[in-house]
Amino acid sequence: MSTNIDTPETVEADSTEVSCDGGGDLGHPRVYLNMGDKGEVDCPYCDRKFVLTTEHAS
Ligand SMILES: [Zn+2]
């Protein structure tokens, strides 16, 4: 089992507004992030990348 803590995790979200608290052992105070027009945003605390998924069929 390898622990690549330097590799940002990608999290899919179905809304441009997301919250992140780090989760797990590397938690941090909950922050709210807005993807804006880019459809993606990086959490400044844990470097997770949140990406907007638009896979809602019709
Ligand atoms: Zn985070």
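The figures follow:
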item: Sequence of Cys46, Cys20 once ranked by neighbouring C-beta atoms within 10 Å, starting from the fewest; result: Cys46, Cys20
item: Prolate/oblate/rounded call for the stretch 10-52, Cα gyration tensor, a/c under 1.5 rounded; result: prolate
item: Inter-site label distance for Asp14 and Val31 at 7 Å from Cα along Cβ, in nm; result: 2.6
item: Antiparallel DSSP beta bridges within the stretch 10-52, as percent of all bridges there, nearest 5; result: 65
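Any read-out appearing in this document is the output of simple, stated calculations on the displayed coordinates, not a laboratory observation. Model, not experiment: these values are computed from the prediction. Positions of Cβ are backbone-derived with ideal geometry, glycine not excepted, and every protein chain shown enters the neighbour counts.
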